[in-house]
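Quick notes on the structure that follows.
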2 protein chains.
Amino acid sequence: MYLTQSLHRALQQNPGRIATINGARRYTVAESVERISRLAAALRALGVRAGDRVACLGLNSDRYHEYLFAVPWIGAVLNPVNIRWSPAEIVYSLADSDSRVLLVDDTFANAIPALRAGFDRLETVIFTGDGEAPAGALRYEDLIAGHEPVADTRTGRDSLLGIFYTGGTTGNPKGVMLSHNNLITSGLGSLATGHVASQGGRMLHAAPMFHLADIAMWTIGNLVGSTHVFIPMFTPAATLAAIAEHQITDALLVPTMIQMLVDDPAAAEVDLSSVKHFLYGASPISESLLERARKVFPAAKFTQAYGMTELSPVTTLLSPTDHDDPTLRRSAGRAVPHAEVRIVDADDNELPRGSVGEVVAFGDHVMLGYWNKPEATAEAVHDGWMHTGDGGYMDDRGYVFIVDRLKDMIITGGENVYSAEVENALAKHPAVAACAVIGVPDAQWGERVHAVVVLKEGQQASEDELREHCRALIANYKVPRSAEFVAALPMSGAGKILKRELRKPYWEGAGSGVS
Amino acid sequence: MYLTQSLHRALQQNPGRIATINGARRYTVAESVERISRLAAALRALGVRAGDRVACLGLNSDRYHEYLFAVPWIGAVLNPVNIRWSPAEIVYSLADSDSRVLLVDDTFANAIPALRAGFDRLETVIFTGDGEAPAGALRYEDLIAGHEPVADTRTGRDSLLGIFYTGGTTGNPKGVMLSHNNLITSGLGSLATGHVASQGGRMLHAAPMFHLADIAMWTIGNLVGSTHVFIPMFTPAATLAAIAEHQITDALLVPTMIQMLVDDPAAAEVDLSSVKHFLYGASPISESLLERARKVFPAAKFTQAYGMTELSPVTTLLSPTDHDDPTLRRSAGRAVPHAEVRIVDADDNELPRGSVGEVVAFGDHVMLGYWNKPEATAEAVHDGWMHTGDGGYMDDRGYVFIVDRLKDMIITGGENVYSAEVENALAKHPAVAACAVIGVPDAQWGERVHAVVVLKEGQQASEDELREHCRALIANYKVPRSAEFVAALPMSGAGKILKRELRKPYWEGAGSGVS
């Protein structure tokens, strides 16, 4: 299978259908495929060869859609950049993946000088905004207008489709290598459950498109012939307006976004009855939120997906009917048709039902590996089984319940934050003697990043000062939202920080599965 | 992906669900998987190694289901034998594939001596019937009782799953090599359309299980957790009774079978409202039959699948709603999400819409090749595109219409008969000077095999005598049902028999797409 195959099918079956809607701009399938093949020609003319990495830094748009198709069209490799990263993090990913061509939109154009300065092998910057291109950047629309279409190389199967960066437990992000078959297997297997998208529907992209969750949903949309509707980024107002205007049938969101939609007074004033499928991930949905969401979106079926970038990402689904069972509502669901899931101990032995261990998964959706990190790959994947780092148990019917994150990760507003990254940044402050970063419950974000800090004897640093310090090093969403100062951190006999002790006062009675 | 993966998922999620129903015999998922793993152990103890071929000759049953799983469980290769073949044809396929282990049921036990005589490398015969085993054969249930379960080898992906014999244009059957990913891709892609089967439904196997069409449907059932119900073979009475008794939700049939069901007086007397999905293939359905069938099965959605063994087999689908459009009812439908389809000329150039050419298909469902026939493989598959041998055109919306069979094939009651095979048999009769075999319209079978014969000067042979002669050489369903004697066959300038001329008087006004 190959990613661009769906374009040929759409072109054959429905060339006049609207493929993309971006504000006032609409392209039919025929127009969109022509633009993609011209962009592919331009990239090739710029020297991009099969296997070369091409990065993209931008908000959601039809041009992001075209990028996602044009790069594999010539057998090159995607590198969708996390828009919330600091310039230092972006530079790291460009250099690590050696992405010498970068697409940048208006919103991020001001980062170009810093990126050029940090990564001197950056050869080509393509400006995907509408106005004048910044100095030294090529205009996206000029490239499309200036090149004749080239034929699709039909690169696919087990070859590298993209490098998708994810937070690292040891500080730096890791590049997850996914193949065409990885992503399409995840898409077909999810569709085979019948829960995730409508045939030929209208799919809204409000969640950020650089994230694999939305790229996976987009892949599903391509397989069933969706019209894709893009809004630059999630805001409750823009999302509600787009749903009503375009009669959206399918969307991927995180519970934090669903909550904001439901809480918005405008929700009562527009027609939201077109939505048939909401796929959500990152955390379970609370009973009260589900109840309210079902009232606001009367025709929508809610399905939870659990997985991770390394699993392309869908691994378990909690079906719409599963949501009616109160004992299952905090579950992440069961293995999808393309996946196997187990709970294992530290020696990879499967544990009895009900026992907490590490969640591992097997199937054609398991990543090819981490880019240039064979040791990390070997540590994560044993005999084809991806070790998620999540602690969980399984009930007698195969439902997985996530109870802890072995990898010490915080999920805030749908974004993964590895504590180690934040701790590394904090530790660089001259006043910090020791620190531990944990996730604590947050009404808006599910969890928020919280720092527990031990200051050096005789030194001072305020919460604001530490935040300012971190902001220069890591993405804003990773910066601690709150902090406490303590005399010492609780330690195990082996000298390991007992984070469970730190979390305890925050999570008692919070009712979440994460403890 | 690997075929037995669905067993592990079923065992994890629903071990107490009924997996198979065969008359009064029922096995839960846990029982069925245990039997499969014991049978796998027995096969291994009998010397079957990874890659070895294991044949099965029998009517539909739960034991056929167990065979289909136990063989890949140890990494061996399936060879499901066409039950309609003559002993000579069966011997050919056993020898060609070197299948040294053969499972045989009661119905075909009397063929064992002839098969042993014809294929002296046949080492082990396993009797899957219930009574005493024939001399020299092992009892299936003794093998299961006598071996402890072995672990699944989890063989899969592009490795060889089975050799599926199909009629050959040049006389002998060809072994189509399909991988695990071939068959599972076809299953997931078909499911992604939402039309082919219910989640966790009850699937009836009335069409013969040796045939890839039913094996593909069975694969789909495994992916969605169906309970499989087996009847030994299709009869209208047994099929109607099974549907009513087991509240069947999904089944694969050919239009000839649907017609027999609809025509049966018993259809009016039983509850057939449970059927949700009928997948049918081999030929389009007539408008009058569809109308009657919809009345008899009020809740059923009818979907046509087009493909061939070499395409695992699903390549296009005509959806239930497509059936409501009279202009589409004779179409084979459009490319499924895992496939691409084109109409090409003799030089593989794509033809404009509406022009008749050869139907070709591309995707991960394209066979690995023909067993031991690299030339035939190279002839059939160009750059990954399988050449179906079917003539057809495509409309502006990508719907494929089959208008001719370039490979000179007849489809009678869902079985493919290659004219060359029948002509070879006829030509061996001492009185036959020349002959041509064509398909002519038949109210019951869709088409029937018809022979046009030129006798040698001064020689005589009756229609019955020629049939008797053929019956010793080829399967009964290939034997001409009718014949005509002519003085000479119409020839082209190049000396090619003009079959179109022969077919013309039979097909004029028949209203079929096949001309």
remark   = Quick count over region A:198-215, residues being under 19 Å from A:LEU311 (Cβ atoms) and within 14 Å of chain B (Cβ to nearest Cβ), is 0
note = Here the residues within region A:142-193 that are assigned to a loop (DSSP other than H, G, I, E, B), under 25 Å from A:THR377 (Cα atoms) and within 14 Å of chain B (Cβ to nearest Cβ) are A:THR155, A:GLY156, A:ARG157, A:ASP158, A:SER159
inquiry  = For region B:151-160, check the following and say yes or no: at least one residue is within 24 Å of B:ARG38 (Cα to Cα), of a type in the set (Asp, Glu), in contact (Cβ under 8 Å) with a residue 12 or more places away in the chain and surrounded by 20 or more Cβ atoms within 10 Å (Cβ to Cβ).
reply    = yes
Single residue of region A:1-21 satisfying the filter (crowded, with 18+ Cβ neighbours inside 10 Å and within 27 Å of A:PHE234 (Cβ to Cβ)) that is farthest from the other protein chains (Cβ to nearest Cβ) = A:ILE21
inquiry  = Which of the strands (runs of 3 or more DSSP E) found entirely inside region B:298-391 contain at least 3 residues meeting this: within 14 Å of chain A (Cβ to nearest Cβ), in contact (Cβ under 8 Å) with a residue 40 or more places away in the chain and more than 30 Å from B:SER97 (Cα to Cα)?
reply    = B:339-344
query = Which one of these is at pLDDT 95 or above, buried (at least 17 other Cβ atoms within 10 Å of the Cβ) and closer than 23 Å to B:ALA24 by Cβ: B:LEU252, B:LEU240?
reply = B:LEU240
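Let's see how each residue does on (1) more than 22 Å from A:SER190 (Cα to Cα); (2) out of contact with any strand residue (DSSP E or B) (no Cβ under 6 Å at 6 or more places or on another chain); (3) assigned by TED's automatic domain parsing to the domain that holds B:LEU102:
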residue: B:LEU160; (1), (2), (3): yes, no, no
residue: B:LYS174; (1), (2), (3): yes, no, no
residue: B:ASN182; (1), (2), (3): no, yes, no
residue: B:THR185; (1), (2), (3): no, yes, no
residue: B:GLN199; (1), (2), (3): no, yes, no
residue: B:ALA206; (1), (2), (3): yes, yes, no
residue: B:MET217; (1), (2), (3): no, no, no
residue: B:ASN222; (1), (2), (3): no, yes, no
inquiry  = Pairs please, first residue from region A:223-247 and within 14 Å of chain B (Cβ to nearest Cβ), second anywhere and buried (at least 19 other Cβ atoms within 10 Å of the Cβ) and in a strand (DSSP E or B), Cβ atoms under 8 Å, 6+ apart in sequence or on different chains.
reply    = A:SER226/A:ARG202; A:SER226/A:MET203; A:SER226/A:ASP250
key: Filter result for B:ALA40 (buried (at least 20 other Cβ atoms within 10 Å of the Cβ), in the same structural domain as B:ARG121 (by TED's automatic domain parsing) and farther than 22 Å from B:GLY225 by Cβ)   = no
task = Determine if region B:214-224 includes at least one residue that is small (Gly, Ala, Ser) and out of contact with any Asp or Glu (no Cβ under 9 Å at 6 or more places or on another chain).
result = yes
message = Under 8 Å between Cβ atoms, which residue pairs at least 6 apart in sequence (or on different chains) link something in region A:418-429 that is free of Cβ contacts under 8 Å to residues at least 60 places away in the same chain with a partner that is in a helix (DSSP H, G or I) and among the aliphatic types (A, V, I, L, M)?
response = A:LEU426/A:LEU466; A:HIS429/A:LEU466
note = Of the residues in region B:106-141, those that are part of a loop (DSSP other than H, G, I, E, B), free of Cβ contacts under 8 Å to residues at least 40 places away in the same chain and surrounded by 15 or more Cβ atoms within 10 Å (Cβ to Cβ) number 5
Failed item, numbered, when B:SER283 is tested on (1) at pLDDT 95 or above; (2) touching a helix residue (DSSP H, G or I) at 6+ places or on another chain (Cβ under 6 Å); (3) outside any helix (DSSP H, G or I) = (1)
request  = Inspect region A:497-514 for any residue being farther than 18 Å from A:GLU447 by Cα and either at pLDDT 90 or above or of a type in the set (Gly, Ala, Ser) (or both) and give the result as yes or no.
outcome  = no
ask   = Out of (1) modelled with pLDDT of 95 or more; (2) within 21 Å of the chain's Cα centre (by Cα); (3) over 20 Å from B:ALA192 (Cα atoms), the odd one out for B:LEU311 is which?
value = (3)
ask   = Can you spot a residue in region B:404-423 that is within 30 Å of A:GLN12 (Cβ to Cβ) and more than 22 Å from the chain's Cα centre (by Cα)?
value = no
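Does B:ALA30 qualify as being within 22 Å of B:MET177 (Cα to Cα) and either within 14 Å of chain A (Cβ to nearest Cβ) or buried (at least 23 other Cβ atoms within 10 Å of the Cβ) (or both)?
Working: within 22 Å of B:MET177 (Cα to Cα): no; either within 14 Å of chain A (Cβ to nearest Cβ) or buried (at least 23 other Cβ atoms within 10 Å of the Cβ) (or both): yes.
In short, no.
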task = Identify, from the list B:ALA45, B:ALA24, B:ALA55, B:ALA50, the residue that is surrounded by fewer than 15 Cβ atoms within 10 Å (Cβ to Cβ) and within 30 Å of B:LEU252 (Cα to Cα).
result = B:ALA24
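The values are calculated or read from the model by the stated rules, or taken from the named source; none is laboratory data. What you see is a predicted model; the values in this text were computed from it and never measured. Don't worry about glycine lacking a Cβ; one is built from the backbone with ideal geometry, like all the others, and counts go over all protein chains shown.
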